[in-house]
1. Of all residues in the range 128-152, which are out of contact with any strand residue (DSSP E or B) (no Cβ under 8 Å at 6 or more places or on another chain), of a type outside the set (A, V, I, L, M, F, W, C) and within 19 Å of Leu50 (Cβ to Cβ)?
2. Every residue in the range 173-205 that is more than 28 Å from Ile254 (Cα to Cα) and part of a loop (DSSP other than H, G, I, E, B), please.
3. Using the structure shown, decide if Thr256 is among the hydroxyl-bearing types (Ser, Thr, Tyr), closer than 19 Å to Gly82 by Cα and surrounded by fewer than 15 Cβ atoms within 10 Å (Cβ to Cβ).
4. When you go through (1) among the hydroxyl-bearing types (Ser, Thr, Tyr); (2) farther than 21 Å from Ile81 by Cα; (3) under 16 Å from the mean Cα position of the chain (by Cα) one by one for Tyr179, which number turns out not to apply?
5. Output the qualifying pairs, or none if there are none: Cβ atoms under 6 angstrom, residues six or more apart or on different chains, first residue in the range 24-44 and touching a residue at least 60 places away in the same chain (Cβ under 8 Å), second residue hydroxyl-bearing (Ser, Thr, Tyr) and surrounded by 14 or more Cβ atoms within 10 Å (Cβ to Cβ).
6. Condition first: under 14 Å from Lys264 (Cα atoms), in a helix (DSSP H, G or I) and of a type outside the set (Gly, Ala, Ser). Now tell me which residues in the range 226-241 satisfy that.
7. Looking only at the range 56-76, count every residue that is touching a residue at least 24 places away in the same chain (Cβ under 8 Å) and under 20 Å from the mean Cα position of the chain (by Cα) and tell me the total.
Amino acid sequence: MVSIRRTRPYLSPQIRRLGYQLELATQPQHILEEIVWAKETEVQGLREHLPLHELQKQVLSAPVPQDFLGALQAPPQPGLIGEVKKASPSKGIIRADFDPVAIAQSYEKAGARCISVLTDAQFFQGSWDYLSQIRQAVSLPLLCKEFIIYPYQIYLARCRGASAVLLIAAILSDQDLHYFNRIIHALGMVALVEVHTLGELARVLGMAGVNLIGINNRNLENFTTDLSTTESLLAQKFPEIQKRGIVMVSESGIHTPEDVMRVKKAGVQGILVGESLMKQADIELAVQNLLREVK
């Protein structure tokens, strides 16, 4: 199980004097922890540029969010959340000729139900500006794909046009998940709560007010993907999920129409696909080919 230290560990004066231990003691355990540490600094900078109270004022005049959940629930299923993604820590640059607006428009033309937009700049070469630009160019509901650790980022997502916000169970406590989910709903959006393990899924199912869960098929320790993650987790918790009417999304590792049918059979209503589509020269055609068995 992946553990996340929210901030860089404190080094006592005694440790600091041992220079050869300093680097070892402050190294992140894995990429997800490194991202979280970077987010602490990034959000602090955002607050200094635009304080939270000013951001909250902007929310009052922001357009009403679109129905992200309803878009995924419409037939036929699974509905596609097409991801606008330039790069990743594990793969580097995925698409060199990157035009976020043109990519989003291709997704819309090809029949995607929603669009996911990476906003992290340091590790994924995303941008909050991409969210705003895409909101102006397409009519589909947008997911803000961000590493949320503060309410500030949720308000910023709302101002930039998001209809849904990603919450990652691996980096958030139960208290934060519950609190952030309440803020997201109060702002008229929906939380896509992402899990990777059975333990995380059990945690999330123990919360009230959750109506959209994503199962990420990517192993956070070695970044390999395995669709059996979706199959296994749903098989073990499907009765409870079905009873509560929770919409399930399978994320990562979906490359072919056969993959789509495989996770559909497992019980998902949505799929989030980025890398395999972003690598294709003609994204619109690639989406149509991926969804050709969806009826």
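Since every read-out is calculated from the coordinates, none of them should be taken as a lab result. Values in this document were obtained by computation on a predicted structure and should not be read as measured data. Please note: Cβ atoms are built from the backbone with ideal geometry, for glycine as well, and neighbour counts cover all protein chains shown.
1. If we filter the range 128-152 for residues that are out of contact with any strand residue (DSSP E or B) (no Cβ under 8 Å at 6 or more places or on another chain), which is where we start, we get 128-129, 132-133, 136-137, 139, 149-152.
When the remaining residues are screened for being of a type outside the set (A, V, I, L, M, F, W, C), the result is 129, 132-133, 136, 139, 150-152.
Within the range 128-152, Asp129, Ser132, Gln133, Tyr150, Pro151, Tyr152 qualify.
2. Listed by number, the residues that qualify are Ser173, Leu187, Gly188.
3. Details: among the hydroxyl-bearing types (Ser, Thr, Tyr): yes; closer than 19 Å to Gly82 by Cα: yes; surrounded by fewer than 15 Cβ atoms within 10 Å (Cβ to Cβ): yes.
Yes, satisfied.
4. With respect to (1) among the hydroxyl-bearing types (Ser, Thr, Tyr); (2) farther than 21 Å from Ile81 by Cα; (3) under 16 Å from the mean Cα position of the chain (by Cα), Tyr179 is out only on (3).
5. What qualifies is Val43/Tyr150; Val43/Tyr152.
6. Going through the range 226-241, the residues under 14 Å from Lys264 (Cα atoms) turn out to be 227-235, 238.
Those still in the list that are in a helix (DSSP H, G or I) too: 228-235, 238.
Those that are under 14 Å from Lys264 (Cα atoms), in a helix (DSSP H, G or I) and of a type outside the set (Gly, Ala, Ser): Thr229, Thr230, Glu231, Leu233, Leu234, Phe238.
7. Initial filter on the range 56-76 (touching a residue at least 24 places away in the same chain (Cβ under 8 Å)): 56, 58-59, 62-69, 71-74, 76.
When the remaining residues are screened for being under 20 Å from the mean Cα position of the chain (by Cα), the result is 65-69, 71-73.
Looking only at that region, the number is 8.
This table checks each residue for (1) part of a loop (DSSP other than H, G, I, E, B); (2) among the small types (Gly, Ala, Ser); (3) under 17 Å from the mean Cα position of the chain (by Cα); (4) under 17 Å from Gly199 (Cβ atoms).
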{"site": "Met261", "(1), (2), (3), (4)": "no, no, no, no"}
{"site": "Lys265", "(1), (2), (3), (4)": "no, no, no, no"}
{"site": "Ile271", "(1), (2), (3), (4)": "no, no, yes, no"}
{"site": "Leu285", "(1), (2), (3), (4)": "no, no, no, no"}
{"site": "Arg292", "(1), (2), (3), (4)": "yes, no, no, no"}
